[in-house]
Every structure is written in C-alpha cells, then in structure tokens.
1. All other residues with a Cβ under 13 Å from the Cβ of B:Leu141 taken together, and with Lys, Arg as +1 and Asp, Glu as -1, what is their net charge?
2. Would you mind giving the mean number of other chain beta-carbons within 10 Å of the Cβ of each residue in B:315-328, as a whole number?
3. Under a cut-off of 25 Å between alpha-carbon atoms, report the lysines in cross-link reach of A:Lys85, not counting same-chain residues fewer than 8 places apart.
4. Let me make sure I get this right: for the protein assembly as shown, a, b and c are the square roots of the gyration tensor eigenvalues over alpha carbons, sorted descending. Under 1.5 in a/c it's rounded, otherwise prolate if a/b > b/c, else oblate. Which is it?
5. Could you pull out every one of the lysines with an alpha carbon less than 28 Å from that of A:Lys299, ignoring same-chain neighbours closer than 8 positions?
6. Normalised by the residues of chain B, what does the relative contact order come to in percent, with Cα pairs under 8 Å and at least six apart?
7. If you bin every alpha carbon distance in the stretch B:230-280 into 5 Å steps from zero, what whole percent lands in each bin?
8. For the stretch A:7-304, with the dipole built from +1 on Lys and Arg beta-carbon atoms and -1 on Asp and Glu ones, taken about the Cα centre, which of A:Gly217, A:Gly54, A:Val159 lies farthest toward the positive end?
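Here, each number is a calculation from the coordinates, and none is a lab measurement. This is a predicted model, so every value here is computed, not measured. A quick note on method: Cβ atoms are made from the backbone with ideal geometry, for glycine too, and the neighbour counts reach across all protein chains shown.
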Amino acid sequence: MSDIFTIALLQNTLRTATPIILAGLGVLMTDHVGIMNIGMDGMMLTGAFFAVVGSFYLGSWLGGIAAALLAGVLLGLFFGVFVIKLGSDEFIIGVALNIFAGGLTVYLLRTIFGVKGAFSDPAIVPLPRFVWPWLEGIPVIGPLLSGNTLLVYVSWALVLVCWLVIYRTPLGFWLRAAGEHPLSLRSAGISPERMKYLASLLCGVFAGLAGAHLSLGYLTMFTENMSAARGFIAVACVIFGAGSPPRVFLAALLFGFIDALGLRLQSANVNSNLTAMAPYLVTVVMMAVLVVRTEARKKRQIQTR
Amino acid sequence: MMRLLRSLLPGRRKLGFAYLFSLAISVALALLLGALMMRLTGYSPVEGYAALVKGAFGTRRALGNTLAKAVTLSMTGLAMAVAAQAGIFNVGGEGQLFLGGMAAAIVGSQLTGWPAAVAVPLAFVAAITAGGLYALLPGVLKVRLKVNEVITTIMLNSVAIYLCAYLANGPLRTADKGIAAGTNAIDPAYVFPRLIPLSNLTASAVYAAVLALLCWYVMKRSTIGYEMKLTGQNPRFARYMGMKTDRLILWSMAASGALCGIVGLFEVYGLHRRFIPSLSNEFYFDGMLVAMIMRYDPVGIVLMSVFFAMLKIGGTAMELGVGISSELILIVQSIIIFFMAAQSGLARIVRERRGRRAARRRIEGKNVPQGEATS
C-alpha cells in the first residue's frame with residue numbers, strides 16, 4: 001500500500017489534472033453563456049498538434065504555445081460563428097468538430113512529418129520546468145509545488161482569475177447574463193452575441209493551452225487522438241462544478257488522482273485495461289450521484305417552505 | 001385528431017427537394033475543398049479521386065467491401081436515428097457494439113457443435129441483450145435522474161472498450177498462441193457465408209436489409225414511431241396527449257443499443273470469427289455522421305451510407321495507391337456537415353431579414369396615408 005500512496009502519486013495527479021483544469025475552464029466559459037461545448041476534445045487535440053508544430057519549427061516552447069493558441073482561437077471563432085451567428089445545433093457542430101480535428105491532425109501528421117501514429121523529435125522544445133531547491137526541503141508541499149512545468153502554475157492562476165472575472169467583475173456579470181437572461185442584457189445595452197463570441201474565443205484559448213500541456217508538458221510528442229476523451233471529462237467536471245472555477249478545479253484534481261492512481265496500480269500488477277477504465281466509470285457514477293443529491297436538496301427546500 | 005397533431009409539428013425536418021439540393025452542393029464543395037487540400041500538400045486531386053473511385057468500385061472484391069462498409073454504416077446510422085427520433089442522443093454506440101460483439105463471441109465459442117440454426121439466433125439474442133441493456137443504462141439515468149446522456153454515453157464507450165480489452169486479454173483469452181489478443185474462435189459452422197468471394201460482404205447484409213426495413217417501418221409507418229417522433233420534438237405536448245414518453249425514450253434507446261450490438265455480432269460472425277480488441281474503429285461515429293447529415297431519415301441514411309462507404313473504402317485505396325492519407329476523408333465528411341449547417345443558417349438569416357424588411361415596408365406603407373389624413 002505504501003508503494004502506491006506516495007508523493008509521486010500526488011505529483012502525477014497534478015500533472016494529469018492540468019489539461020483537464022485548463023479544458024474545464026474553457027468549457028466553463030461557454031457554459032456560462034449557455035453553450036455546451038462538446039467540441040472541446042477536438043479543440044484540445046488540434047491545440048496539442050499545433051503546439052508540437054510550433055515548437056518544432058520555431059525552436060522554442062513559446063512558439064509552440066503561440067501556435068496552439070492560434071489554432072484554439074481559430075477553432076473557437078469557427079465554433080462561435082456556427083452556433084451563435086448561424087444558429088446551428090451546438091451538439092452537431094461539436095461532434096463534427098471532433099471528427100474534423102481527429103482527421104485533420106492525423107492527415108497533417110502524415111503529410112508534414114511523414115509519420116503515422118506518433119511524432120517525437122529532439123527538436124521539439126518542451127515547456128520549461130521550474131525547480132526551486134529551497135522549496136523542496138518542505139515535506140509533501142515542497143515536491144508538489146516545485147518541479148512542475150509552466151502551464152501547471154498558469155492553470156492554478158487562471159482558476160483564480162476566472163473566478164474573479166466571472167463573479168467579481170461587470171464583464172463576468174454580462175457573461176452570465178448572456179446565458180441566463182439574454183434579453184435583459186440586451187435591454188441594458190450590451191449585446192449577448194458579443195458576450196457569446198467572447199466566451200467561444202476564450203474557450204479556444206483555454207483549449208489551446210490544454211493541448212499545449214498535453215503535447216509539450218511532460219511527453220514532448222504528439223500521438224494520434226492523444227486527448228483521449230479528456231475534453232469530455234472536462235465537460236463533466238464543469239457539470240459537477242456547477243460553473244464555479246474552484247469547484248471545477250477540485251473535480252479535475254479528483255480525475256487526475258484517479259488517473260494517477262490507475263497508473264500506480266498498473267505498476268503494482270493490476271490489469272492496465274481495468275485501471276484505464278476507472279476515470280470514465282467514476283464520471284458516470286459521479287454524474288448520477290450529483291444529480292440525485294441536487295434533486296434531493298431541491299425537494300427538501302420545497303418541503304421546508 | 002391526427003391532423004391536429006400533425007399541424008402542431010414543425011414540418012422542417014423532412015428531406016425535401018430543397019434539402020437534397022443543398023446537400024448536393026455541400027458534398028460538391030466538400031469534395032472541392034478536399035481536392036484543394038490534396039493540391040496544397042502536393043498531390044494531384046484528379047489522380048487521388050480517380051484512385052478513390054476505382055478503389056471503391058473497381059473490382060468485384062472492392063465493390064463487396066464497399067457494400068459491406070455501407071451495411072455497417074447504415075446499421076450504426078439507423079441506431080443513432082432510432083434514438084434521436086425520441087429525442088435522446090446515443091453517442092455510446094461504440095461501447096454497445098463492443099459488448100454485443102463480445103456477447104455474441106462468447107455464445108459462439110462456448111456453444112460449439114450446436115446446429116447453426118439454434119446457435120446463431122442465440123448469439124443474436126446475446127448481442128441484442130448486451131447492447132440493449134448497456135444503452136438502457138444511460139437511458140434510465142436520463143429519464144429518471146435527468147443526467148445528460150451525451151456525457152454518460154461517451155464515458156460508457158471507454159468503459160466498455162476497456163472492459164472488453166480486459167476480457168479478451170485476460171479471463172477469456174484464447175489459448176491459441178498465434179493470436180495477439182482475442183477470445184476463442186466461434187464454431188466454423190456458425191460463420192456467415194461470404195456473398196462475394198474474398199470480400200467483406202457476408203450474409204450479414206441480408207440480416208441488415210431486414211433490420212433496415214424494420215427500422216423504416218417502425219420509424220415512418222407505425223404508431224409507436226409517430227409517438228417517438230412527437231416525444232422527441234415536443235415531450236411536454238406528448239405527455240399531455242397521454243403518451244408514456246419515458247417508456248418511449250427507454251425503448252428507443254434499447255433498440256438503438258440492440259442495433260449496435262448486432263453490428264458487433266456481424267463483425268465477429270462475418271469477419272473476425274472471434275472477438276478481438278480492435279473489433280471496431282469508431283464505426284459508430286461514422287454512422288452517426290451519416291445519420292446527422294440525413295436528418296435521421298432511414299431511407300436517406302441507407303443511401304448516404306453507400307456514398308460514405310465509397311469514400312471510406314476508396315480512401316484506403318487512395319492511401320495505398322497515391323499516398324494521400326485516408327484521414328482526408330474524415331475531413332471531407334465533417335466539412336459536409338459544416339456546409340449543411342452554414343447553408344441552413346444563412347437561409348434562416350436571409351429569411352428573417354427579408355421578413356423584417358417586408359414588415360417595415362408594410363408599416364411604412366400604412367403610416368404614410370394615415371399621417372396625411374390627420375394633418
């Protein structure tokens with residue numbers, strides 16, 4: 001047992017939770033304006049691919065992030081135009097976007113790098129890793145805070161920023177109003193459409209960051225379909241978190257933990273297929289539990305009234 | 001009564017002439033964009049598309065493979081449509097397919113030496129039960145607890161695929177050392193005969209034809225299909241009309257899962273003769289795309305499946321012959337959806353703008369003489 005519950009487990013938790021946190025924040029943005037972004041998985045995947053392209057050709061991790069952000073923003077805008085301007089079904093566009101991203105990344109992988117399956121090369125510059133020796137002396141917290149890659153810290157900061165912006169600024173108020181009462185927002189002189197576009201673009205930005213962390217964070221490679229339904233887990237996290245960034249953060253940490261635990265158990269000779277199943281199974285169970293609990297709370301409120 | 005019901009339904013979901021026209025334009029534009037991508041990545045589009053068509057229909061064997069792919073696509077597409085008709089999105093067909101295939105493989109490999117006329121129907125029952133029950137799970141969560149079915153079905157896909165991989169590598173693994181991973185082979189007597197030698201087209205096409213007819217009848221001609229449609233479009237109204245909407249949703253979900261389970265059986269009994277962990281390569285998602293493009297119309301799905309099957313089978317030939325990655329086909333297919341969505345969106349915007357202009361003209365036309373009269 002002591003082999004499994006180690007500091008490395010917690011470190012892996014942070015590592016695997018980070019793309020889900022970033023993607024979750026993106027989904028959260030569109031969720032607040034009333035759009036469910038099923039296409040997050042594909043956006044992340046595209047971000048991951050272009051992060052590798054940028055890092056490989058520009059020779060710097062900043063180039064990688066820039067390319068991932070550009071791809072994310074373009075896809076966010078694309079998604080926004082269809083769902084907001086053209087009034088298409090967000091579910092259909094999301095599914096089509098995922099298929100498009102799956103096809104595009106593999107096609108480009110094949111035509112740009114001439115490989116199938118996975119691409120890794122020493123010329124891909126990974127994200128910088130911050131090691132602070134003075135911190136590492138502190139037990140438990142030290143090794144967790146030190147030695148992570150850039151986007152891990154960025155994701156923590158962004159959780160705070162998102163919470164502040166959404167709940168403490170006029171802009172966040174407008175964003176939420178665009179989803180809940182678009183007509184009142186319009187009568188207040190602010191265009192709900194513009195807020196929705198803003199949310200879609202921000203969603204793309206977060207998707208790009210999530211993708212960059214996937215391919216440049218710890219692995220420094222791109223593999224086909226490497227997002228592995230993490231975009232959907234992010235959507236589930238937003239549902240658990242009821243739109244609140246800190247709660248989405250906690251939900252993502254939980255999934256990171258389950259994922260990391262699975263990896264540890266694998267080295268303890270538990271079948272890898274069974275451990276790989278865990279995060280998905282937990283999502284389903286958690287969603288059911290969450291809904292039952294909120295329903296029960298609603299019922300209690302009605303009874304006490 | 002029926003006329004009243006019909007008048008309340010929005011009639012825009014039909015596959016009218018206008019819709020088919022816009023579909024034709026979308027397909028043409030998507031193929032053009034595909035050609036552009038070939039050009040940009042240094043290939044000749046003419047050569048690419050020629051290889052594609054030849055690869056799909058050039059030989060008897062290729063034709064058989066294309067038709068076999070069309071069978072899979074239309075079955076998975078119909079599965080999506082059956083659920084969507086009642087207003088529930090079954091994105092979990094992939095997992096239901098795996099479980100159905102696994103259940104059928106277990107029956108076929110355990111019950112050896114039985115007459116095929118007994119064992120094969122039993123395998124069907126197993127596949128239908130496995131797929132149907134697995135689809136019922138998110139259905140119950142949706143109906144009873146209002147849990148979003150899109151997320152749960154996607155999650156359950158991964159659960160089923162990993163579970164089957166575990167079974168095929170672990171407890172149910174074949175003793176045959178020559179097989180990388182998979183269950184024991186089914187009794188050779190149960191294997192579906194091939195309709196075109198050397199191709200993938202097997203007797204499953206006959207079963208599929210019967211099932212497609214059944215789907216069409218239930219969806220388009222039966223009372224229950226009509227009630228499903230009403231439930232999908234306006235559940236509140238359907239409930240007020242006395243329909244058991246929850247039960248309709250559950251049944252349509254179970255039927256959808258059962259169809260996917262049968263596709264799994266087809267793969268096992270027609271092609272692989274055992275369950276293998278790579279039984280399906282996202283077949284359900286391809287079928288979903290077809291169903292969405294054809295607005296869940298059963299006849300349309302079957303026809304479109306042949307076209308998509310041509311792209312898929314021809315795409316592989318294109319990759320082997322000309323070197324263009326077959327994923328280009330996925331891009332072309334998803335672009336068709338984007339074009340369809342764009343066209344219907346643009347048409348709506350133009351309609352609204354025209355309506356607004358007409359209304360303004362009417363108001364102005366009326367106001368001017370009135371203003372003159374009062375002055």
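1. Spelling it out: positives minus negatives among the neighbours equals 0.
2. Counting other chains' Cβ atoms within 10 Å and averaging over B:315-328 gives 3.
3. A:Lys196, B:Lys14
4. Note, shape of the protein assembly as shown comes out rounded.
5. Candidates past the 8-residue exclusion: B:Lys142, B:Lys146, B:Lys244.
6. 32
7. 5, 19, 18, 12, 10, 8, 9, 9, 7, 3
8. Sorting the options by dipole projection puts first A:Val159.
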